[in-house]
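Asks: My questions will all concern the structure given below.
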Amino acid sequence: MERSAEVFPDRITSWADLAGLVEHFSYFNGHAWLFRGVPVGTHDLIPKIGREKIRAKKEKSGIWTRVPYRLEDERALFSMFIQQARAHLSASPQSNLEWLAIAQHHGMPTRLLDWTDSLLVAAWFAVERGGGGQGDSAIWVARGIPSIPLDYAEDPFSIPDAKCYRPPHISPRIAAQGSVFVLCPEPTKELKPPFVRKVLIAPSVEFTIKKRLNACGVNRRQLFPDLEGLTQHLAWMYKHDWLAGYRPDSVSSTAPADSSPSETEE
């Protein structure tokens with residue numbers, strides 16, 4: 001029977017399942033696949049700036065309501081970032097789109113959604129909690145989203161349709177994570193690419209997948225190539241007693257290879 005690029009399992013319950021997806025997308029590597037790992041599988045594809053709960057509640061006439069999304073507020077926030085971020089950058093971004101990518105990558109609410117061209121990177125972001133959460137995590141899979149030209153120098157807030165932005169490697173994190181951003185012109189509405197699927201990951205296998213990904217070199221140290229990423233990775237290694245080769249006596253841990261975490265992963 002002929003294989004189809006758009007037919008693949010929608011649930012992962014083992015490392016073998018994830019490996020099967022790697023084989024699938026490697027076989028159909030002529031498509032511009034995008035992957036997005038999320039720790040909560042029920043979350044919609046809405047960028048942070050447009051999510052209702054990102055803003056505080058305020059009281060007016062005895063009624064508490066959330067501050068609504070406003071384009072003028074988004075523009076004001078972006079202007080503040082450009083004004084105040086220069087002191088923290090080794091090189092100045094060359095366009096407003098590059099500025100937006102830097103802001104998104106460092107946690108500011110924007111109209112960009114984080115994706116990657118690496119399935120394993122997306123899997124790591126999905127299972128980062130390592131089995132300590134509740135409910136399924138997920139990997140979103142999409143394709144068919146047109147790209148923004150690399151030399152685009154106009155106002156990113158004027159782009160009318162959802163577009164992919166593959167930024168220049170202006171940050172070590174962007175390079176390490178194979179980052180691709182999708183610009184969402186209507187931030188409060190769910191992104192609906194031409195093709196999109198969600199692959200759920202069972203909580204019972206998250207810890208094992210995170211451990212296997214670490215063995216493949218996909219971990220916080222590699223994805224966040226700075227001192228913070230290194231120290232957080234080493235803290236995780238210390239937590240699980242994975243220190244063989246660095247002890248003076250080279251004593252290995254006697255813990256079972258796939259022991260489950262006894263507490264929430266950090």
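Asks: Calculate, in nm to one decimal, what Leu234 and Ala32 gain on full extension: separation in residues at 0.36 nm each, minus their alpha carbon distance.
Replies: 69.3 nm
Asks: For Lys210, give me every one of the lysines with a C-alpha distance below 22 angstrom, ignoring sequence neighbours fewer than eight places off in its own chain.
Replies: Partners within reach: Lys198, Lys239.
Asks: Here's something else I'd like to know. Where does the charge balance sit around Ala142 when Lys and Arg score +1, Asp and Glu -1, over other residues with C-beta under 12 Å from its C-beta?
Replies: +3
Asks: Among Phe181, Leu234, Ser26, whose Cα projects farthest towards the positive end of the dipole of the chain, with charges put on the beta-carbon of Lys, Arg (+1) and Asp, Glu (-1)?
Replies: Phe181
Asks: Report, ordered by chain and residue number, the lysines lying within cross-link reach of Lys58, taken as a straight Cα distance under 28 Å and ignoring same-chain residues fewer than 8 apart.
Replies: Lys48, Lys189
Asks: The chain: Rg/Rh from Cα coordinates, Kirkwood Rh?
Replies: 1.00
Asks: Charges at C-beta only: +1 for Lys and Arg, -1 for Asp and Glu. How large is the resulting dipole of the chain about its Cα centre, in Debye rounded to 20?
Replies: 500
Asks: Pick out which of Ile12, Ile139, Ile159 has the largest mean-square fluctuation in a Gaussian network model of the chain, springs linking Cα atoms closer than 10 Å.
Replies: Residue with maximal mean-square fluctuation among Ile12, Ile139, Ile159: Ile159.
Asks: With springs connecting C-alpha atoms under 10 Å apart, model the chain as a Gaussian network and identify which of Ser14, Ser179, Ser90 has the largest mean-square fluctuation.
Replies: Its mean-square fluctuation being the largest, the pick is Ser90.
Asks: To continue, here is another question. Under 13 Å between alpha carbons, and skipping anything fewer than 8 positions from Lys163 in its own chain: which aspartates and glutamates qualify?
Replies: Once the sequence-local aspartates and glutamates are set aside, what remains near Lys163 is Asp114, Glu186.
Asks: Which of His88, His169, His43 ends up with the largest GNM mean-square fluctuation for the chain, with Cα atoms connected below 10 Å?
Replies: Ranking His88, His169, His43 by mean-square fluctuation puts His88 first.
Asks: In region 150-183, which residues have a backbone nitrogen under 16 Å from the label point lying 7 Å from Ile82's Cα in the Cα-to-Cβ direction?
Replies: Under cut-off, by backbone N: 152-159.
Asks: Round to a whole number: what % of the accessible area of region 1-131 belongs to carbon and sulfur, probe 1.4 Å?
Replies: Whole-percent figure for carbon plus sulfur exposure: 53.
Asks: Using the Cα gyration tensor of region 11-103, with a ≥ b ≥ c the square roots of its eigenvalues, what is the shape: rounded (a/c below 1.5), prolate (a/b larger than b/c) or oblate (neither)?
Replies: Oblate.
Asks: Show that you can apply the helix-only estimate: for the chain, add -39,500 (n - 2.57) for every DSSP H stretch of four or more residues, divide by all residues, and state [θ] at 222 nm to the nearest 500.
Replies: Mean residue ellipticity at 222 nm (helix-derived): -9000 deg cm²/dmol.
Asks: Next question. Given a 1.4 angstrom probe, what's the average accessible area per residue across the chain, in square angstrom?
Replies: Each residue of the chain exposes 55 Å² on average to a 1.4 Å probe.
The values are calculated or read from the model by the stated rules, or taken from the named source; none is laboratory data. Quick caveat, the model's predicted, so the values are computed rather than measured. Note that each Cβ is placed from the backbone with ideal geometry, even for glycine, and that neighbours are counted across all protein chains shown. Heavy atoms of the whole protein, side chains included, go into the accessibility calculation; ligands, DNA and RNA do not. Shrake-Rupley method; radii C 1.70, N 1.55, O 1.52, S 1.80 Å.
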